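Any read-out appearing in this document is the output of simple, stated calculations on the displayed coordinates, not a laboratory observation. These figures come from a predicted structure and were not determined experimentally. Note that we place each Cβ from the backbone using ideal geometry, even for glycine, and neighbour counts take in every protein chain shown.
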Amino acid sequence: MKFKSVKGTKDILPEDIFKWHFVEQKIRSIMHTFNYREIRTPVFEETALFSRGIGELTDIVGKEMYTFPDRSGTSLTLKPEMTAAVMRAYLQNNLGEQQPLTKVYYISPMFRQERPQAGRLRQFHQFGAESIGSSNPTSDAEIISLSNQIYKSFEIRNFKTSINSVGCEKCRPQYKEILKNHLMGFAQKLSEESQKRLEQNPLRILDSKNETDRELTKNAPLVKDHLCEECANHFSEVQQILNKLNVPYSIDGRIVRGLDYYTKTAYEIVSSDLGSQDALAGGGRYDLLVEQIGGKITPSVGFAAGIERLLMTLEKGNVFSGNDISPDVFIAAADDLGKIWAIETAMKLRNVGIPSEIDFLNRSLKAQMREADRQKARFVIVAGATEIEKQSFTIKNMQTGVQMDVPSSEILNHFQNETR
Ligand code: AMP
């Protein structure tokens, strides 16, 4: 074969698409019960939106973006995450002027040039939500419980929510200094990656996956213990509301999230059913982002979750069996007259919403019956010159094997009753 899909990308094949429909429908329905409305933004944006919105020092902007000049020389980037794009759309379309609180969700492909492995792709899909315009801890709690509710509704058991506060522009700089001073004591022993972060982004060292880094930073000071009064109160209120809502969570002072724009709440949901890439979702508050991309300060909170990872956990639970798309009726033709009748009748059935199929490959009647079986059709009608002359057709129920003769004038009614 000459062409292959690009490394880190995957085809979603027709035999698997029902799984995607299943999860997307459920996600939409839960988003709607929380009164979030869908937003769709273009697949690419101007590069500067992401470099400014996500932060030059992050892995995403530093080494993972698919960036290219278009034919007029403008630098464009395939979206690596959705929040900056949503906020751009929010500003450009004055959504905040139409309503003081904007609640939106999305389901969209994302693009990051990461090293592909199980659960990590270069084109992957996320769903997520953003609640824009409120600094109230109730909004943080709503976002966390919304993401929880989605996993609960899929009956996923082995997932865990951990929350933290990363402070704000008032308390974080001081904490950064305290952390830096602490890390300086053993800087040379840290991994190369962490040493690079020491100056500019020392918080990220705390969520390093490197075992030595983790051991070395075991007793590092945590930002949650160095919050200003406002951030400390906010964090404690978020916890109180989550307690009231019976959302299970634990506090993990090491969660800092990869992106620069987080303030106050940061949280993650992980699943023990996944391998080393165990993060199902992550999110938090980002009060400073809108200002960074040219709007006025707009407190906001949101989350993003991977669909492939959700599917991986669902596949373990066998929740998909028997949900594939299949025709209700397969019309098998015994001869040339039967073929015409078959396509006409299939069209009539389709017009009233009954999924129907016929043979397109001039197969023998026996082979058509086998094909109907392979496609898991519920009923087969056999049509040929004899049936057309008698105006009576045999309908076979493929599950029970029972056959019955139905006059042609009754066929539509028959299936409308049977498949209701
Ligand atoms: P992030 O925007 O990095 O916080 O990612 C949010 C969620 O998206 C993660 O928890 C994963 O479930 C998923 N995710 C992130 N990166 C990838 C990737 N490269 N491949 C598949 N899923 C991903």
Simple Cβ-charge dipole of the chain, Lys/Arg +1 and Asp/Glu -1, about Cα centre, in debye nearest 20: 580
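I want the local charge near Leu198. Using Cβ-Cβ distances under 13 Å, sum +1 for each Lys or Arg and -1 for each Asp or Glu among the other residues.
Summing Lys/Arg as +1 and Asp/Glu as -1 gives +1.
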Sequence of Thr83, Thr212 once ranked by neighbouring C-beta atoms within 10 Å, starting from the fewest: Thr212, Thr83
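Under 10 Å from the Cβ of Tyr267, count the other residues' Cβ atoms, weight Lys and Arg +1, Asp and Glu -1, and hand me the total.
-1
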20 Å-binned pair-distance histogram of the chain (Cα, whole percent): 22, 43, 23, 11, 1
Theoretical FRET efficiency, 1/(1+(r/R0)^6), r = Cβ-Cβ of Glu215 and Ile297, R0 35 Å, to 0.05: 0.35
Estimated vicinal HN-Hα couplings, Hz - the stretch 101-110 in sequence order (Karplus 6.51, -1.76, 1.60; Gly, Pro = x): 10, 10, 10, 10, 10, 8, 9, 7, x, 10
Residue exposure sequence - Cys231, Cys168 - by fewest surrounding Cβ within 10 Å: Cys168, Cys231
Between 0 and 90°, nearest 10: helix 336-351 axis offset from the chain longest Cα axis: 40
Cα gyration tensor, the stretch 329-418 - rounded (a/c under 1.5), prolate or oblate: rounded
Lone cysteines, the chain (no partner Cβ under 4.7 Å): Cys168, Cys231
The stretch 72-171: chymotrypsin sites (Phe, Trp or Tyr not before Pro) falling in loop per DSSP and having at most 13 other Cβ within 10 Å: none
Label zone at Asp59 (point 7 Å along Cα-to-Cβ), backbone N below 13 Å, the stretch 168-197: 193-194
Residues of the stretch 203-230 with amide N under 16 Å of the 7 Å Cα→Cβ point at Met184: 203, 221
Full-extension gain in nm, Arg363 to Ser408, via 0.36 nm per residue minus C-alpha separation: 13.8 nm
Coil-residue trypsin sites (Lys or Arg not before Pro) of the stretch 1-49, DSSP, other Cβ within 10 Å capped at 15: Lys2, Lys4, Lys7, Lys10, Arg40
Whichever lysines have a C-alpha closer than 17 Å to that of Lys264, once near sequence neighbours (fewer than 8 apart) are set aside: Lys170, Lys176, Lys224
Once exposed loop GluC sites (Glu not before Pro) are cut out (DSSP; at most 14 other Cβ, 10 Å), longest piece of the chain: 170-420
Amide N of the stretch 46-78 lying under 20 Å from the label point, which is placed 7 angstrom from the Cα of Gln117 along Cα→Cβ: 59-65
Residue order, fewest to most beta carbons within 10 Å, for Thr400, Thr67, Thr386: Thr400, Thr386, Thr67
Local net charge near Val86, Cβ-Cβ under 14 Å (Lys/Arg +1, Asp/Glu -1): +1
Qualifying lysines (Cα of each under 25 Å from Cα of Lys339; at least 8 residues distant if same chain): Lys348, Lys366, Lys376, Lys390, Lys396
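Loop-only check: which chymotrypsin sites (Phe, Trp or Tyr not before Pro) in the stretch 165-244 are DSSP coil with at most 14 other Cβ within 10 angstrom?
Qualifying residues, ordered by number: Phe186.
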Over 22 Å between alpha carbons, listed pairs Lys19/Lys316; Lys26/Lys316; Lys79/Lys160: Lys79/Lys160
